[in-house]
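Asks: Handing you this structure, nothing more for now.
The values are calculated or read from the model by the stated rules, or taken from the named source; none is laboratory data. Bear in mind the structure is a predicted one, so any value in this text is a computation, not a measurement. Cβ atoms come from the backbone with ideal geometry, glycine included; neighbour counts cover every protein chain shown. The area values use the complete protein model at the heavy-atom level, side chains included, leaving out ligands, DNA and RNA. Shrake-Rupley method; radii C 1.70, N 1.55, O 1.52, S 1.80 Å.
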Amino acid sequence: MLSLDCSNMRQCRVVVAMVVYISFFLDNMLLTVIVPILPDYLVQFHDKVPASVIYKNFSLHYVPKLIGAVSEAVVVVQPTNPPTDRELAMEQENGSIGILLGVKALVQLLANPLVGSGTARFGYCVPITFGTFNLLLASLIFGFGTSYTSLFVARAIHGVGSACIGVCGMSLVAQLYTEPERRSKVMGTVLGAMAVGVLVGYPFGGIAYEIAGKAAPFHVLAVMCAGNLLLQYFQLDLSTYRRNVMPRDSSTTTEDNRATWWPLLSHPLILVVVGGIWISTSAMAILEPCLPIWMISQLHPKKWQLGTVFIPDSIGYWLGTNFFGSIAYRYGQIRVSIVALLLVGSSCILIPSANTVVGLLLPHLGLGLGIGVVDAALVPLLATLVDSQLSIQLDQDVGLSVEESGGEHGYGAVYAIQQIAVSVAYSLAPIIGGELVPVIGFATVLRALGVLNILYIAPLACSSLRNSVGCLVSSSKKQQDFPLASSEPSSYRRFYNTLE
């Protein structure tokens, strides 16, 4: 009877992980399905704004033309002649378009900490369902909207949904899979859903737009989101509403509220790990808006090549997340992430050296693979660090359960921090890159970022060594001054192996 229960439990958590996978897939598919559609759509609203201005500001997953979804008049290179007064006036309308394109990342950035804090009260399942409902609502508004305001609202709603799914999806997987090696593998697979969504979204949006019009891809996405909501209704525990089980006058209540964020933000290794995710993601965030313009001026590509040049990145990311989760745990998550950052930096340095579009394929594949391996190695490590923090709290507060000590809330908080780092990368990197490229050049900017990725290996390695030494000292002296310490030798070996 016990083995049957365990078997059912394993099957149940596999289904839940599949639900999270589908949610990540739909989130990123909605992000990219609009790419071949939005430029033409914006031209209809801003017929006085040249298409070149719109493309200049398309800073998130910039793909001017994939498979003919954009008319010939839209793909226009910035004019080389001095701008006239009329063109300067048109540039002033740039702000509203830039706000539309950046509102999703901005809203997601603001919503991440709120979602992370909300997991203490609502758990993980309810926010995931709420986020999927937001995807459904955003898809419907995209499909039926006929104004700039409707697009703005849809992008903002999508940002809220992405925050809920990104934070709580990873937290739920971390809660279900407590075995570190299995958790590392499953988390990598779930992260791969983002690459699949990107790969499917681009061509699906272009084909559906060309064949059936603007609304068709969003109607299909709305149906898929509705089906995911139905699946969540039957598979997720949506009745979870977390209440504080401690007495109101207990000091543990206020301490628990602080313990969910401050120990994580003051944890050196967590900060270094999140920084590694941020700096590797920044490479892609800068590349997306800047590379097509550089290609047009230097490589003179065909129109379809501007869209397909990013496909190797998604393929590499999918390979990295799907196949390197277990490898990272087996050989050391920090160690594997160091090699991955070296790959990311080397790819950034090599990309500006390409003389043809074909020459970009291998560096792009290496860049996507490196970022995927970094995520597959470091994202599960964050959950392990929260577990080690929780074990210390349980030792200090004997008799507390996981819920009472804020363990699940800790997952929400740490993945909120991780999602904030990703949102900051996609928000700031295009702005910084857009300002620096005209001044010092695309090649200098990208190579400098590559060098920064390589240099970041040093703090990552030093933090790993520092915490490993701290574990040794704490284990021998039975002290708990270090956040990765454990009085149990078996637990110590598990965390030590994870870091090494």
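Asks: Is region 107-152 best put as rounded, prolate or oblate by its Cα gyration tensor, with a ≥ b ≥ c the root eigenvalues, rounded for a/c under 1.5, and otherwise prolate when a/b is larger than b/c, oblate when not?
Replies: Oblate.
Asks: In addition: Return the loop-located trypsin sites (Lys or Arg not before Pro) in region 286-373 (DSSP other than H, G, I, E, B) with at most 15 other Cβ atoms within 10 Å of their own Cβ; answer none if there are none.
Replies: Sites meeting the loop and neighbour criteria: 302.
Asks: Just subtract the alpha-carbon distance of residue 210 and residue 121 from 0.36 nm times their residue separation and send over the number in nm, one decimal.
Replies: Result: 27.5 nm gained on full extension.
Asks: A follow-up question, please. Quick one: order 151, 230 from most to least accessible surface, probe 1.4 Å.
Replies: Heavy-atom accessible area, descending, gives 230, 151.
Asks: How many nm is it between the label spots at residue 465 and residue 146, if each spot is 7 Å from the Cα in line with the beta carbon?
Replies: Output for this residue pair reads 6.6 nm.
Asks: For region 106-247, what is the relative contact order in percent, using Cα pairs closer than 8 Å and at least 6 residues apart in sequence?
Replies: With pairs under 8 Å counted, the relative contact order is 38 percent.
Asks: Please work out how much length the chain gains when fully extended from residue 271 to residue 440, using 0.36 nm per residue of separation minus the C-alpha to C-alpha distance, in nm with one decimal.
Replies: 57.8 nm
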